[in-house]
Each structure stands twice: as structure tokens, then as C-alpha cells.
1. Exactly one condition in (1) among the basic types (Lys, Arg); (2) within 12 Å of the ligand (Cβ to nearest atom); (3) under 14 Å from residue 196 (Cα atoms) is not met by residue 272; state its number.
2. Go through 270, 238, 290 for me and flag whichever is surrounded by fewer than 17 Cβ atoms within 10 Å (Cβ to Cβ) and either modelled with pLDDT under 95 or polar (S, T, N, Q) (or both).
3. So if I check each of 42, 13, which one is open to solvent by 30 Å² or more (accessible area, probe 1.4 Å) and within 22 Å of residue 183 (Cα to Cα)?
4. Give the stretch 72-88 a look and list any residue that's over 23 Å from residue 176 (Cβ atoms) and either in a helix (DSSP H, G or I) or open to solvent by less than 10 Å² (accessible area, probe 1.4 Å) (or both), or say none.
5. Evaluate the following for residue 106: is it over 20 Å from the mean Cα position of the chain (by Cα), open to solvent by 50 Å² or more (accessible area, probe 1.4 Å) and of a type in the set (Lys, Arg)?
6. Looking at (1) open to solvent by less than 60 Å² (accessible area, probe 1.4 Å); (2) part of a strand (DSSP E or B), which is the only condition residue 94 fails?
7. In this structure, does residue 129 turn out to be open to solvent by less than 30 Å² (accessible area, probe 1.4 Å) and either within 16 Å of the ligand (Cβ to nearest atom) or assigned to a loop (DSSP other than H, G, I, E, B) (or both)?
8. For the stretch 210-235, which residues satisfy the criterion of being assigned to a helix (DSSP H, G or I) and open to solvent by 10 Å² or more (accessible area, probe 1.4 Å)?
Amino acid sequence: MSILVLADLHEGQLAGATAHVIAAAQAIGGDIDVLVAGENVQAAADAAATLDGVTKVRVADNAVYAHQLAEPLGKLLAELAGDYTHVLAAASTTGKNVMPRLAALKDVAQISDIIAVESADTFARPIYAGNAIATVKSDDTLKVITVRPSAFDGVESGGSAPIEAVDVVVENTQSTFVSEELAKSDRPELGGAKVVISGGRGMGNGENFKLLDGIADKLGAAIGASRAAVDAGFVPNDMQVGQTGKIVAPDLYIAVGISGAIQHLAGMKDAKVIVAINKDEEAPIFQVADYGLVADLFEALPELESKL
Ligand SMILES: Cc1cc2nc3c(=O)[nH]c(=O)nc-3n(C[C@H](O)[C@H](O)[C@H](O)COP(=O)(O)OP(=O)(O)OC[C@H]3O[C@@H](n4cnc5c(N)ncnc54)[C@H](O)[C@@H]3O)c2cc1C
């Protein structure tokens, strides 16, 4: 078996999710190549080469792959896929954008968001917002897979795999990069944070989200939100946790003013310890919480911050 992992990049650097996808590749077994595609991505390639279990890193460094546009990346993967039995990527914004295109170009089924590997052709994946687990078997000769990073412990770094250049340059006439607005934050990235504190509609407005800042600073936490808080315009949508947002599995998840709809739980119920602060003792979030505080958040949050 030979596996190609598409590296996840964040602002041109190797994102933490890649180490988790490599762990999934190890569970399948075989040689594991990592493709780093982008513009000026040598540093990301160097970082990928240190990850344990990597056979070699392939670097496609060209302006056409800048900004991780899905159309050229899909075509590039389709060109390279002939050498492999499996192509894996994180079920991240980029992975979810690129991999369906590869599957379509190769006329195979995509296997999305796997959380376990049963064998080289059989995988487990959540369905119905995580309320059931489907075991799916693929007979395609090429398996195109996205991996839920939080379901696999990332591999360590310590290796030194060889790095080779890929000279395939595809044409992209389908899409053009226009601009991007990046949220700048000194906090840990939501998807990989060990501690997450999230606010919901109960926060009342965006200004009140500042009540979470001091606690997040003290705990080194990322800040998340429910979809209701995002839809109401309290905070940007890259903070959304849940079925249609980010899937997180931190050591500690603190849900503040969040009722606990199943679509929210789908994004955080694998957290090791869940704390909920809600003024309604009947709120469903208390059914999954390890620690529940029935309280008004406007009193509880300042008190929690001062105690911390
Ligand atoms: C297809 C689909 C996909 C979805 N995807 C997502 C998703 O990815 N993520 C997501 O979060 N949702 C998602 N939703 C929406 C989801 O169904 C809920 O509507 C949403 O999660 C509710 O957000 P909330 O808990 O913040 O708001 P509410 O359900 O309105 O809960 C607010 C809570 O705040 C509490 N509260 C109010 N004031 C205070 C106070 N002063 N102190 C303490 N507690 C207080 C209330 O008691 C209440 O429990 C999706 C829905 C659909 C249909």
C-alpha cells in the first residue's frame, strides 16, 4: 500500500492537523508520502519531513498552488494519485474543498471524515451529527479519504524524511484568488486547542464575549461559539463549533450560555472534560457536562475569572 497525505497549511506553515492525518495513514499501513503544495512552502515541507512515519515529502511549490485554491490542488492530486492506493487529507476547510474534486476527477467515491480505520478498505465515520457511526467499505482501487483530526493522536516529530520537488504544474482557468481577510489572534487555533471556552446566544451580544477573554487568557484557551451566536453576528463564523463548524476535542471545554443542541454537541462532545454554565437547569448541555453550574453567566464569569 502507498498513501499520499495532502499537508494542511495555515498561512503557508504546516498546520497541526497534518500530524493527525499521518497517524490515520499509519493505521492503514504502507509507505506514507506527504504532499506540500503552495507557494513558498519550503518551511512547511521541512516541518513535514520531521514528522514520524513519513517516507518522503513531495513539494509542489508554484504560484498556481498559492492560497490553496481547490481547483489546481484537485488537479495536481489527480495527476499524482496514480502512484498511490490512498489519498488522505484533513477534514478541514481545505481538505473538504479539495478532496471531493479529486474523487470526481478519478471517478471514485469519497469517504468523508473518518474517525477510525478498521482495515485498508474499511473505515468508521459519524453520521446524523455524530449520533450513529457508519462502517463503510470501499471497493475503489483508489481511496479518497478525509480524516477527522481530533479522532487520531498526532504523530510526534523526530524524523528526517527526504524532500523531493514535484514538477507537475497544472493550469487553473477556473478560479482566481481575489483577497482574504484573516482573523489575527494570539490564542491557540480552535481546532487544536487543549482548552476551549465557547459562548452561545446567552452571551447576549458580541461585546459581552469580552467576558470570556480574561478566562481564556488565564487558561491558555481558544474561544469558540455556538451557531446561534455566530448567526446573530456576535462573533465571526470561523469561531463556530459544531456539525457545520469546527470539530474540537480539547482536554477541557467550557460552554457558556449554550443550550446544547445536538448540532453543537456534534462538535464538542468528545472533549475529555465538559463544563457548562447555564441559568436553565433543564438545558440539555447538562446531560453531557461533567461539571454543571446553574448560574447567570454575567455573575459566574467575573467570579470564575477572579478565582482563577
Ligand atoms: C443543519 C444544522 C446545522 C447546525 N449546525 C450547528 C453548529 O455547527 N453549531 C451550533 O452551535 N449549532 C448548530 N446548529 C444550530 C443548533 O440547532 C442550535 O440552534 C444552536 O446550537 C443554539 O445555539 P445556543 O445554544 O447558543 O442558543 P440557544 O439554544 O438559544 O441557547 C441559549 C442558552 O443560553 C442560556 N442563557 C441565556 N441567558 C443566560 C445567562 N444570562 N446566563 C446563563 N445562561 C443563559 C439559555 O438558558 C439557553 O440554554 C445547526 C442547526 C442546523 C439545523
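1. For residue 272, the exception is condition (2).
2. Details: 270 fails: surrounded by fewer than 17 Cβ atoms within 10 Å (Cβ to Cβ); 290 fails: either modelled with pLDDT under 95 or polar (S, T, N, Q) (or both).
Going through 270, 238, 290 in turn, just one is surrounded by fewer than 17 Cβ atoms within 10 Å (Cβ to Cβ) and either modelled with pLDDT under 95 or polar (S, T, N, Q) (or both): 238.
3. Residue meeting the stated conditions: 13.
4. To start, the set of residues in the stretch 72-88 that are over 23 Å from residue 176 (Cβ atoms) comprises 80-88.
Across the stretch 72-88, the qualifying residues are 80, 81, 82, 83, 86, 87, 88.
5. yes
6. The number of the failed condition is (2).
7. On the way: open to solvent by less than 30 Å² (accessible area, probe 1.4 Å): yes; either within 16 Å of the ligand (Cβ to nearest atom) or assigned to a loop (DSSP other than H, G, I, E, B) (or both): yes.
Yes; evaluated as a whole, the condition is true for this residue.
8. 210, 211, 213, 214, 217, 218, 219, 227, 228, 230, 231
The values are calculated or read from the model by the stated rules, or taken from the named source; none is laboratory data. These numbers come from a predicted model, not from an experiment. Positions of Cβ are generated from backbone atoms using ideal geometry, with glycine treated the same way; all protein chains shown enter the neighbour counts. To get the accessible areas, we keep the full protein, side chains included, count just its heavy atoms, and leave off ligands, DNA and RNA. Shrake-Rupley method; radii C 1.70, N 1.55, O 1.52, S 1.80 Å.
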